[in-house]
Each structure stands twice: as C-alpha cells, then as structure tokens.
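Some notes on the structure that comes next.
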Amino acid sequence: MTISGRRPGRIRRRTAFSLRQTILCFGLVAIVLCGAGLTLRLAVRTADSRPLFAVVIVVVAAGAVAALRNARGRRRAARVTDAVVEATYEMSGSAPVPEGRPGDPAPAVVTEAGTAAEAEVPVETFAATDYAAMDPVEFEQAVAALCERDGCRDVHVVGGAGDLGADVVGITPDGRRVVIQCKRYGPMNKVGSQDVQRFGGTCFAVHEAHVAAVVTTGEFTQPAAEYAEQCGILCVDHAGLVAWTDGTGVAPWDAEVSAPSGNCP
C-alpha cells in the first residue's frame, strides 16, 4: 500500500536580532542627517555669492543619499561624503588635519632648508689622557676607534690568545692592509726587542700586512727601535700616540717608514 504525503515546505528562518547592525544603521542615519543639514546650511550661505557652487553641493548631497540607499554602495557613499567634507573645508578656508593610524611612521620634520631633519649620531671620542685608565683590551678598542676615525674600513679587534701578534687589523683609506700590535704599558715599562721580533715574524708572512705598527703607551728600547726600522715596522710610542689622538700627528699608515729588507734577524 502506497502512502501519499505532502512534501515538507521550505523552512523560513527568522533573522536574529543584531544589536551591532542596529547601531550601525542608526549611526549611518545620523551621519546622513548631519551631512544634509551641513550641506543645506552651506548651500544657503553660498547661494548669493556662488550659486553654481551651491548647485554642485546639492547635487553631490543628492548623490550621496542615493548611494546610501543601496547597501552595495556604502563605500562609494563614503567617498562622496569625503568630497563634501573637503569642499566644506575649502569654503571655510581651513584644511583638514589628517589623523594618523596606529603603526604609521611619524611625519618627517622639515627644516627651513626643505630637508628632513636627521638625528645626529653621537661619535664616541676620548682624549690622550684616557689611556692611563684603560686596560689592555680597552686600549686595543681605542686604537681600533682611531683607525676608524681616520678613514680605515673593515677594522677588527683580533687580540687575544692565538692572535699571532695582531691586535687590530683593517684596510687603510688607500686600500692597504694595516696590522697593529697594541702594548698597554706603564710609563716605566718599555717595549723590548723580543716583543718586536715576535711581531715581525708574523705581521708580514702570516697576516700579509702592507703596514705593520707597534703602538704603545710607553717607550721602545733602542734595540727594539733598531730591529723595527730594519724590518719596516713602525714604532708609535707615547708621544706619537698622543699626537695621533690629538690630530697633531699622522696615522701610522701615513708615516714614512722604510720597506722591509727581508733579512730581519
């Protein structure tokens, strides 16, 4: 036996009440009313002096209202509303102030010369009298800072265990490789011949230096100075270091030094 029945009809779902959409709707209505009032007031004020402009305002306002009637035209209505607001500011003689959004970069500060003001990066400087309070590591960093100040690039502090006599290395402004050994000594201590000999055995053969120098806060013994001159190593004592720091003397790579003879003892 066949039992006939009726097909179930479509179930109509009742739209749930949305407080957010209601508030948005009232807000749009309030914006439209305020815009219409402002537009009407502006049109009345400018009807006598600028009748054509008043007609344009009315037409733009009518277009905004028509666009708002269509849910798909909300973005277009916003653009029309912005045009009305911009025209209002033009009539009042003042410009709107743009509001920044979170995450936007701060506006550049323009100087009278028309260029953006840049924050000056402080350069760390020191005086020759500061060397007395430095330990050997700080002295190496100070010598590296002097090299960078006078135009060297790729300056590195490599002093430490296994440095083979090289404490500071870099490239001079004219492209030569400079290798410096730093000796932080007291006023009564002197760099001896053995210190310079150890440096002379590695500065050219191992580190491939074009300019080799021993910089100290003390003095050099006579045998050490003679050996350095024979091998083409520049000796910068306390007086030369002070002159280099103060700018009254030359950097080691600018000093005249005899070329290595190749037969250093």
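Numbers below:
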item: Length gained when the stretch L33-R149 is fully extended (0.36 nm per residue, less Cα-Cα span); result: 35.0 nm
item: Sequence-distant residues sharing a close amide H with A209 (under 5 Å, placed H); result: F204
item: In nm, spacing of pseudo-spin labels at A132 and H156 (7 Å Cα→C-beta vector); result: 3.5
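Where a number appears in this text, it was derived from the coordinates with a stated rule and is not lab data. A quick note: this is a predicted structure, and the numbers were derived from the prediction, not measured. Quick reminder, even Gly has a Cβ in these numbers, built from the backbone with ideal geometry, and neighbours come from all protein chains shown.
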